[in-house]
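All remarks here apply to the structure that follows.
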Amino acid sequence: MQFLQKNEYRNYFVQRFGIPYEIMERYTFWERGRKVWAFSGITLEIERMEILGIKALTKGKALKPSTAFLRVIGKYASKNFVNLEASKALKFLRGEEIELPPTLVKQLEMGYVIVKSDEDILGCGFFDGKLKSLIPSKYRLQDTWV
Amino acid sequence: MEEPPLKYFEVYRSIIPRFEDFLMSLQTMQPYWMRVNTLKIEEEKLVGRLEKKGFVLEKFGELNAYKIVEMPVKHPGATIEYSLGYYYIQDLASMAPVLALQPEEGDIILDMAAAPGSKTTMLAELMRNTGVIVANDANFRRLKSLAGNIERLGITNVIIVNRDARTSSFGVKFKKILLDAPCSGEGTFRKNPWGFRGADERGHRYLAEQQKMMMRNAVRHLEDGGILVYSTCTYHPYENEDVVKYAVKELGLKPVEVDIPIPHTEGVKRWGEEEYEMHRECIRIYPHLVDTGGMFIAVLAKK
């Protein structure tokens, strides 16, 4: 299956997270099946590419951003992000649901959010009144970790 | 516990300097080394965080490379910082081929045998996610680990392909190529002495033939004036100097002298009946020099 260039996906990150357009212009966006990939490199005429850049979005009823790409661009977000204190950050990394204080809840729109803790961009969450962790299992905090 | 099978290495007594020290080093486990991913975090910040968690780290020279002297976990990857992609577990010796290639922002680079991605991700870090790296591996299953590491480290300038590096076309030419060839892996002995298999004479010759095929294909894809770094993690001259000799004599490449900030020796001058004129331009890293694995590197230019 071919990668098709569709740079209009930049707008999703600008509109949803307030990431400056000039930051998003660093990436070209490429659609293949249900996945959308972000690529910061020089485009080459190469056939049969397996992967092009980093997975940025999955298409479905709504676009779902990937934790991996949010960890790259999340520091530039100006809206729909949550900054968790250390203990809640650990819970989020374990995949647990987080109760948010009303002041934070007011600032968020329903849907996908970027979850930070201080300078760490932890990844993608889903806000529906509570904060659900969408951290992929391979990145989830294990009991044996420090 | 059974002694590690050191006899295997006796054949190299005449070519490895301070051979007794070399043998001694093989009797100790190789320490873990890590490279800070400066695309995601500043070096000092990460070191501070890990030290606070009980890690003891030793910086190597001016590189963003650290020897892990002590750690509070069984595996150095069992931390939140690792999961966030702030560092990569990579032997110092394995950083040498990347340094020899001298990647710059905007470069167009082919990494011909890229999995699991130690060198690809280091190239991308030094290129600050600009230019482009075509990262290839013939083994489709190994592409998963390559893709996983690229994703974890936040690398965005890589195209992954799945081709036979000996014969396949990549469709374009490159200014720089890294051929870190599959080899008998003698330099990784210290990581797992009891699981080590190595190769016999016939095995080294077979691998050398495969490596020469890859070299020939690499030259096809190199721009005029382009640079190719050939590396292996093994000691046998058939897989190292002999392949470089082939590249010089048969493919018309020119050996280039480069310096790298990691202690090393020059290449082997003679092995059996074979003489290697370009041995001074070859680089060998041995475990007894700075407590690493072993590595061979040669830098070659297309005239």
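The values are calculated or read from the model by the stated rules, or taken from the named source; none is laboratory data. Just so we're clear, the structure is a prediction, and the values are computed from it rather than from any experiment. FYI the Cβ positions are ideal-geometry reconstructions off the backbone, even for glycines, and counts take in every protein chain you see. These accessible areas exclude ligands, DNA and RNA; they are computed on the full protein's heavy atoms, side chains included. Shrake-Rupley method; radii C 1.70, N 1.55, O 1.52, S 1.80 Å.
Within region B:155-166, if we keep just the residues that are touching a helix residue (DSSP H, G or I) at 6+ places or on another chain (Cβ under 6 Å) and open to solvent by 30 Å² or more (accessible area, probe 1.4 Å), the residue that is nearest to the other protein chains (Cβ to nearest Cβ) turns out to be B:Asn162.
Can you name every residue in region B:98-141 that is open to solvent by less than 10 Å² (accessible area, probe 1.4 Å), on the phi > 0 side of the Ramachandran plot and touching an Asp or Glu at 6+ places or on another chain (Cβ under 6 Å)? Answer for region B:98-141, where residues must be open to solvent by less than 10 Å² (accessible area, probe 1.4 Å), on the phi > 0 side of the Ramachandran plot and touching an Asp or Glu at 6+ places or on another chain (Cβ under 6 Å): just B:Gly131. Do the conditions hold for B:Phe174, that is, is it farther than 28 Å from B:Gly226 by Cα, at pLDDT 95 or above and more than 9 Å from every other protein chain (Cβ to nearest Cβ)? Taking the combined requirement at face value, the residue does not satisfy it.
Is it the case that B:Lys144 is of a type outside the set (S, T, N, Q), open to solvent by 10 Å² or more (accessible area, probe 1.4 Å), part of a helix (DSSP H, G or I) and touching a helix residue (DSSP H, G or I) at 6+ places or on another chain (Cβ under 7 Å)? Even if it seems obvious, please write down each step before you answer.
Details: of a type outside the set (S, T, N, Q): yes; open to solvent by 10 Å² or more (accessible area, probe 1.4 Å): yes; part of a helix (DSSP H, G or I): yes; touching a helix residue (DSSP H, G or I) at 6+ places or on another chain (Cβ under 7 Å): no.
No.
Taking the criterion of being open to solvent by 10 Å² or more (accessible area, probe 1.4 Å) and under 19 Å from B:Gly185 (Cα atoms), the residues of region B:240-265 that qualify are B:Asp242, B:His264, B:Thr265.
Just give me the residues in region A:15-58 being facing chain B (nearest Cβ under 7 Å), open to solvent by 40 Å² or more (accessible area, probe 1.4 Å) and in a loop (DSSP other than H, G, I, E, B), in sequence order. Scanning region A:15-58 gives A:Ile42, A:Glu45, A:Glu47, A:Arg48. Quick check: is even one residue across region B:39-62 within 14 Å of chain A (Cβ to nearest Cβ), open to solvent by 10 Å² or more (accessible area, probe 1.4 Å), among the β-branched types (Val, Ile, Thr) and within 27 Å of A:Arg94 (Cβ to Cβ)? So far as region B:39-62 goes, yes, one or more of its residues are within 14 Å of chain A (Cβ to nearest Cβ), open to solvent by 10 Å² or more (accessible area, probe 1.4 Å), among the β-branched types (Val, Ile, Thr) and within 27 Å of A:Arg94 (Cβ to Cβ). Taking region A:77-91 as the range and being surrounded by 17 or more Cβ atoms within 10 Å (Cβ to Cβ) and aliphatic (A, V, I, L, M) as the test, the residues that pass are A:Ala77, A:Val82, A:Leu84, A:Ala89.
Of the strands (runs of 3 or more DSSP E) lying entirely inside region A:82-146, the ones with 2 or more residues being within 13 Å of chain B (Cβ to nearest Cβ) are found at A:111-117, A:120-127. When we screen B:Arg13, B:Arg35 for residues that are open to solvent by less than 50 Å² (accessible area, probe 1.4 Å) and among the charged types (D, E, K, R), the only hit is B:Arg35.
Residues that are basic (Lys, Arg) and surrounded by 12 or more Cβ atoms within 10 Å (Cβ to Cβ) were ranked within region A:114-146; the one that is nearest to B:Tyr87 (Cα to Cα) is A:Arg140. Looking only at residues in region B:210-239 that are exposed (fewer than 15 other Cβ atoms within 10 Å of the Cβ) and among the acidic types (Asp, Glu), the one that is farthest from B:Gly185 (Cα to Cα) is B:Asp224.
If only one of B:Arg205, B:Arg152 is among the charged types (D, E, K, R), open to solvent by 10 Å² or more (accessible area, probe 1.4 Å), over 18 Å from the mean Cα position of the chain (by Cα) and over 26 Å from A:Ala56 (Cβ atoms), which one is it?
On the way: B:Arg152 fails: over 26 Å from A:Ala56 (Cβ atoms).
B:Arg205 is the lone residue from the list that is among the charged types (D, E, K, R), open to solvent by 10 Å² or more (accessible area, probe 1.4 Å), over 18 Å from the mean Cα position of the chain (by Cα) and over 26 Å from A:Ala56 (Cβ atoms).
Considering region A:59-76, and only residues there that are of a type in the set (A, V, I, L, M, F, W, C) and open to solvent by 10 Å² or more (accessible area, probe 1.4 Å), the residue that is nearest to B:Thr156 (Cα to Cα) turns out to be A:Val72. The condition (being within 24 Å of B:Glu125 (Cβ to Cβ) and hydroxyl-bearing (Ser, Thr, Tyr)) is satisfied by just one residue among A:Thr103, A:Thr43: A:Thr43. Given the condition open to solvent by less than 20 Å² (accessible area, probe 1.4 Å), out of contact with any strand residue (DSSP E or B) (no Cβ under 9 Å at 6 or more places or on another chain) and more than 17 Å from B:Arg166 (Cβ to Cβ), answer yes or no: does some residue in region B:276-295 qualify? Checked region B:276-295: at least one residue is open to solvent by less than 20 Å² (accessible area, probe 1.4 Å), out of contact with any strand residue (DSSP E or B) (no Cβ under 9 Å at 6 or more places or on another chain) and more than 17 Å from B:Arg166 (Cβ to Cβ). Of all residues in region B:98-127, those that are within 20 Å of B:Phe170 (Cα to Cα) and in contact (Cβ under 8 Å) with a residue 40 or more places away in the chain have Cβ atoms under 8 Å from Cβ atoms of residues that are in a helix (DSSP H, G or I) and among the charged types (D, E, K, R), 6 or more apart or on another chain, in B:Asp111/B:Lys119.
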